[in-house]
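Okay, here's the structure, questions in a sec.
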Amino acid sequence: MSQGPRSGLAAVSAALLAMSRHLEVRDVLKTIVASARELLDAQYAALGVPDDHGGFAQFVVDGVSDAQWKAIGPLPRRHGILAAMLDEARPVRLADVREDTRFEGWPSAHPEMSDFLGLPIKDGDEVIGALFLANKLRPVGGHPPQAPCAESQGGCGFTEEDAELLAILAQHAAIALTNARLYERSRELTIAEERSRLAHELHDAVSQKLFSLRLTAQAAAALVDRDPARAKGELQQVAALAAEAADELRAAVVELRPAALDEDGLVATLRTQIQVLDRAHTARVTFAAHGFRALPAAQEEAMLRVAQEALHNALRHSGAEHVDVTVARCGHGAVLRVTDDGRGFDPQTVRRAGRHLGLVSMRDRASGAGGRLTVESAPGKGTTIEMEVPGG
């Protein structure tokens, strides 16, 4: 804050905007820690999220190299000054953390720390994390802070102003962290819903195969005595149907894993799900990608959900024989297109009748990702749903 009120306000604003920009919990934690360390001129910063077993579920650091962090060892337990931060739920500001009666030492590879500032991150009355800063840096020759304050310098260390600023940061950190948790919970529910839908479709496909298998076996049994040659043919068909049913069951085991959008990306996730739908429905379902490159996570998830909704409509309501899905690069962004040769509809009539076929939710998803959705359809002419996003 020594650079003046305007610079200080700009730094706070930048830190708060950075925290609100992420949806993944891990990204939010890392942004909070990095923002706090930079904003308060600290050499080290850390944020611990408690678990229900006396330890930390997550512990994120900034200012410590990957090699140092690996050498330090396992996540710390809730003891000493760390436990005090979570259990007492009040700010702690110390000239030298090593002189505090609650200090219990640290691993041999742990960097030396003296000045200490910490406070809890609270959601209402619940402590959802604790934010720590260590080794206040001092300006050298009017330049940005470069060296930790020496213990002997009176008044050196984190100030009351620093504590107040960190309290503001912690309040917004609580909002960002809570929102990220809600987002991840919502995504988990969506994944569970998708797994249930795929399970139903695969169940239908397998049931149809088994029903055909039973009828064919009955026909073979009836022909064994009077027409052995035809009975042999029916038994060969039984074997083929049994093999197909086994393939469907293997698909159920493999494909009903949670959607791997984070790990595999949009193209691989769509390709996998469309292969499942192609097996589960009589309509031919195809997929192609053209020059697509990775997008921000929120945009890829929105495109996946729009594709799923459009596919559901095409396969359940349109009577289509062929549904084609493509994703392609478009400038810095991408375009998703789902086209079917089904019976089509009049978008205006559907809207007036109050039957939206998921169009409202698809438009909301597209808009929320900074993109737009267009729908082209007419009775007897099939339907094309297109979503375009600008990219990151």
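Which lysines does Lys30 reach when only Cα atoms under 22 Å apart count, and residues fewer than 8 places away in its own chain are ignored?
Here the lysines satisfying the reach criterion relative to Lys30 are Lys70, Lys122, Lys136.
Give me the extension gain from Gln218 to Lys70: residue separation times 0.36 nm, minus the current Cα-Cα distance, reported in nm with one decimal.
Result: 46.7 nm gained on full extension.
Still on this model: Quick check for me: using +1 on Lys/Arg Cβ and -1 on Asp/Glu Cβ, what's the dipole size of region 272-392 about its Cα centre, in debye to the nearest 20?
Once rounded to the nearest 20, the dipole reads 200 debye.
A further question follows. Quick check on packing: order 305-318, 90-103 by the mean number of other C-beta atoms within 10 Å, highest mean leading.
305-318, 90-103
So which lysines pass the test for Lys232, namely a Cα distance under 30 Å, with those fewer than 8 places away in the same chain ruled out?
Output for Lys232: Lys209.
Using the Cα centre of region 37-131 as the reference point, and only Cβ charges (+1 on K/R, -1 on D/E), how large is the resulting charge dipole? Debye, rounded to the nearest 20.
With only Lys, Arg, Asp and Glu charged at Cβ, the dipole is about 160 debye.
Here's something else I'd like to know. Please label the shape of region 77-120 as rounded, prolate or oblate, based on the square roots a ≥ b ≥ c of the eigenvalues of the alpha-carbon gyration tensor (a/c under 1.5 means rounded; beyond that, a/b larger than b/c means prolate, else oblate).
Oblate, since a/c reaches 1.5 and b/c is not below a/b.
Between rounded, prolate and oblate, where does region 265-392 land on the alpha carbon gyration tensor, with a ≥ b ≥ c its root eigenvalues, rounded for a/c under 1.5, else prolate if a/b exceeds b/c?
Oblate shape, in that a/c is at least 1.5 and b/c is the bigger or equal ratio.
Could you work out how far apart the two model spin labels at Ala243 and Arg316 are, taking each label as a point 7 Å from the Cα in the direction of the beta carbon, and quote it in nm?
Once both label points are built, they end up 3.4 nm from each other.
Quick note: the coordinates plus some simple rules give every number you see, no bench work behind them. All figures in this text were calculated on a predicted structure; none of them were measured in a lab. Neighbour counts run over all protein chains shown; Cβ positions are idealised from the backbone, glycine included.
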